[in-house]
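Engineer: Have a look at this one before I ask anything.
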2 protein chains.
Amino acid sequence: MDKGETCPIVEAIREVGNENDLLVIRFLSDGSLGFNEMLRMAGTMSPKTLSNTLKRLQEKGIIVRNIVSTQPFRVVYSLTQKGMDLKIVLNDLKAWGSKWLMSSNPYSLTDNR
Amino acid sequence: MDKGETCPIVEAIREVGNENDLLVIRFLSDGSLGFNEMLRMAGTMSPKTLSNTLKRLQEKGIIVRNIVSTQPFRVVYSLTQKGMDLKIVLNDLKAWGSKWLMSSNPYSLTDNR
DNA sequence: CGGTATCCTATGGGATACTG
DNA sequence: CAGTATCCCATAGGATACCG
């Protein structure tokens, strides 16, 4: 491999290899969500951090912000095509996590390396 | 989806959704490497950070450290099966990165969303 | 609801020098 | 080569309160 600067994997890691980014992408992978909905899902993530993450992802063109109604005020975030194209990654992470991380799974005892 | 705590995707993100971890996994995805080799690949990563990352990944059982020879002293790191099972994720990231991130690609102009 | 503002702390991480 | 030690700083990020 080359030194990394022009490697698409490394580029991709630098673009979405961030825990908060990945979490938000995962939240939106099943459909659009509002700010507080995600905040609740995010466990310990603070509104400031979520806000920053959402801005970053918008700038990267991975999510879009949509004002659904003004009375009452309602906003939803959703994945763009660029974001949806990451679903396959999430899917593989799901398989990997199921195999290696869940304590109650058929692999963890027998296939532990 | 549930609130995240027991979701395998979220678990996986918390396990390997870290830029440095992902970078090292990518470096090792083509074969074993020594400390300084990775340091050179990592661009700006400092020895301290690389060292911490390697320790984290060993504790997670994603990589192993192997002393190849003592005279001269030579160590290599390699992926475990758990680590190798992440190659599919890297592969997807490669496809995604090629499609959406590389400036000179057939998609970026025409398929920009 | 959908955020922003402020405060404060931890810690991640670079640079560099050094050791076995 | 394979790291460890030290220093030093930026900034990520939690908690909380508040605003339109």
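Any read-out appearing in this document is the output of simple, stated calculations on the displayed coordinates, not a laboratory observation. Source: prediction; values computed, not measured. Neighbour counts are summed over all protein chains in view; Cβ atoms, including those assigned to glycine, are modelled from backbone coordinates with ideal geometry.
Engineer: Can you give the angle from 0 to 90° between the axis of helix A:47-59 and the longest principal axis of chain A, with both taken from C-alpha atoms, to the nearest 10?
Structural biologist: Rounded to the nearest ten degrees, it is 90.
Engineer: Still on this structure: A:Phe35 label points, 7 Å along Cα→Cβ, one per copy: pairwise distances from this copy to the rest in nm, shortest first?
Structural biologist: 4.8
Engineer: So, one more: Applying 1/(1 + (r/R0)^6) with R0 = 41 Å to the Cβ-Cβ distance of A:Glu37 and B:Gln81, what FRET efficiency is obtained, to the nearest 0.05? Walk me through the numbers before you get to the answer.
Structural biologist: Values: r = 37 Å, r/R0 = 0.91.
Using R0 = 41 Å, I get an efficiency of 0.65.
Engineer: Need the list of lysines near A:Lys82 for cross-linking: C-alpha distance under 18 angstrom, and skip anything on the same chain fewer than eight residues off.
Structural biologist: A:Lys55, A:Lys60, B:Lys94, B:Lys99
Engineer: Nearest 0.05, what FRET efficiency do A:Thr49 and B:Val68 give at R0 = 45 Å with Cβ-Cβ as r? Present the calculation step by step, with values, prior to reporting the outcome.
Structural biologist: On the way: r = 43 Å, r/R0 = 0.95.
With R0 = 45 Å, the Cβ-Cβ based efficiency is 0.60.
Engineer: Put a label point 7 Å from Cα along the Cβ direction on A:Gly61, then list its distances to the equivalent points in the other copies in nm, shortest first.
Structural biologist: So the label point of A:Gly61 gives 4.1 nm to the other copies.
Engineer: Hey, another quick one. Under 1.5 on a/c is rounded, so check that first for chain B, then, if it is not, pick prolate when a/b is larger than b/c and oblate when it is not; a ≥ b ≥ c are the square roots of the alpha carbon gyration tensor eigenvalues.
Structural biologist: oblate
Engineer: Checking the a/c ratio against 1.5 first, then a/b against b/c, what shape does the Cα gyration tensor give for the protein assembly as shown?
Structural biologist: On the way: a/c = 2.20, a/b = 1.57, b/c = 1.40.
Since a/c reaches 1.5 and a/b is larger than b/c, the shape of the protein assembly as shown is classed as prolate.
Engineer: Please tell me the relative contact order of chain B in percent, rounded to the nearest whole number, where contacts are Cα pairs under 8 Å and at least six residues apart.
Structural biologist: Numbers: 93 pairs, mean separation 22.5, N = 113.
Answer for chain B is 20 percent.
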